[in-house]
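**Student:** A single structure is presented below for examination.
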Amino acid sequence: QNLPALDRFAFGSNEYPDRSTTLILQVESLTDGPVAELQGPGIDGTAALRASIQPRDLFKRLTINAALFPRGIDVVLVHDDSIVAIPRTTRLAKGS
């Protein structure tokens with residue numbers, strides 16, 4: 001699965017951060033794969049996400065959100081009937 005560079009998507013503006021892109025990515029698995037520890041608002045400490053995600057550097061790419069806040073990109077991962085939402089405020093604490 002090829003995902004274009006994130007700067008090709010809308011980040012919203014400071015006045016209208018809701019006009020940003022929400023990426024919906026179908027992934028190979030949300031129960032098997034490398035572990036990523038996530039942190040951010042709504043997460044008590046850290047949360048472990050075990051998923052097979054393409055591109056594998058998705059969380060590295062999403063580090064751009066820290067500099068853009070309140071603008072940024074939200075991501076929704078789906079597999080079969082499971083879904084994981086990763087808002088722009090979520091950060092990679094440890095993992096791939």
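**Student:** Suppose only helical runs count, i.e. DSSP H with n ≥ 4. What mean residue ellipticity at 222 nm does that imply for the chain under -39500 (n - 2.57) per run, divided by all residues and rounded to the nearest 500 deg cm²/dmol? Kindly include the intermediate steps, with their values, before the conclusion.
**Tutor:** Numbers: 2 runs with 9 residues, N = 96.
Value at 222 nm, helices only: -1500 deg cm²/dmol.
**Student:** Looking only at the chain, where both bridge partners belong to it, what percent of the DSSP beta bridges are antiparallel (to the nearest 5)?
**Tutor:** Numbers: 15 of 20 bridges.
Just about 75 percent of them are antiparallel.
**Student:** So what is the relative contact order of the range 28-78, in percent, for Cα pairs below 8 Å that sit 6 or more residues apart?
**Tutor:** Values: 49 pairs, mean separation 15.8, N = 51.
Normalised by residue count, the contact order of the range 28-78 is 31 percent.
**Student:** Continuing with this model, one more query. Short version: ³J(HN,Hα) in whole Hz for each residue of the range 60-72, in order, from phi by Karplus 6.51 cos²θ - 1.76 cosθ + 1.60 (θ = phi - 60°), x for Gly and Pro, what are they?
**Tutor:** Taking θ as phi minus 60°, the curve returns 4, 4, 6, 4, 4, 4, 4, 6, 8, 3, x, 6, x Hz for the range 60-72.
**Student:** Further, regarding this structure: Kirkwood hydrodynamic radius, computed over distinct alpha-carbon pairs, for the range 18-90: how many Å, to one decimal?
**Tutor:** Details: mean 1/r = 0.0786 Å⁻¹.
Mean inverse Cα-Cα distance, inverted, gives 12.7 Å.
**Student:** Note down the nm distance, to one decimal, between modelled labels 7 Å out along Cα→Cβ at L68 and at I43.
**Tutor:** Spacing of the two 7 Å Cα→Cβ label points: 1.8 nm.
**Student:** First measure r as the distance between the Cβ atoms of Y16 and R50, then evaluate 1/(1 + (r/R0)^6) with R0 = 25 Å and state the FRET efficiency to the nearest 0.05.
**Tutor:** Numbers: r = 35 Å, r/R0 = 1.40.
It comes to 0.10.
**Student:** Assuming 1.567 mPa s and 4 °C, estimate D for the range 48-96 with Stokes-Einstein, Rh taken as the Kirkwood radius over Cα pairs, in µm²/s. Intermediate values should be presented prior to the final figure.
**Tutor:** Numbers: Rh = 11.6 Å.
Estimated via Stokes-Einstein, D reaches 112 µm²/s.
**Student:** Mean separation of Cα pairs under 8 Å and 6+ residues apart, divided by the residue count of the range 1-46: what relative contact order is that in percent? Provide the component values of the computation, followed by the final result.
**Tutor:** On the way: 20 pairs, mean separation 8.2, N = 46.
After rounding, I find 18 percent.
**Student:** May I ask for the distance between the Cα centers of the range 59-92 and the range 1-52, given as a whole number of Å?
**Tutor:** A separation of 2 Å, based on Cα centres.
**Student:** Return the distance in nm (one decimal) between the two label points of a simple spin-label model at D7 and I24, each offset 7 Å from Cα along Cα→Cβ.
**Tutor:** 2.8
**Student:** Sticking with this structure for a sec: Need one value: the accessible area of V35 in square angstrom, 1.4 angstrom probe, rounded to the nearest 10.
**Tutor:** The value for V35 is about 60 Å².
**Student:** Only Cα pairs under 8 Å and at least 6 apart count here; give the relative contact order of the chain as a rounded whole percent.
**Tutor:** Working: 183 pairs, mean separation 32.7, N = 96.
About 34 percent, as a whole number.
**Student:** Can I ask one more? Within the chain, what whole-number % of the accessible surface is contributed by carbon and sulfur, with the 1.4 Å probe and all protein chains included in the calculation? All intermediate terms of the calculation are to be shown ahead of the outcome.
**Tutor:** Details: 2870 of 5840 Å².
The nonpolar share, carbon plus sulfur, comes to 49 percent.
The values are calculated or read from the model by the stated rules, or taken from the named source; none is laboratory data. This structure is a prediction, so every number in the text was calculated from the model and none was measured. Every residue, glycine among them, receives a Cβ derived from its backbone with ideal geometry; neighbour counts consider all protein chains shown. Heavy atoms of the whole protein, side chains included, go into the accessibility calculation; ligands, DNA and RNA do not. Shrake-Rupley method; radii C 1.70, N 1.55, O 1.52, S 1.80 Å.
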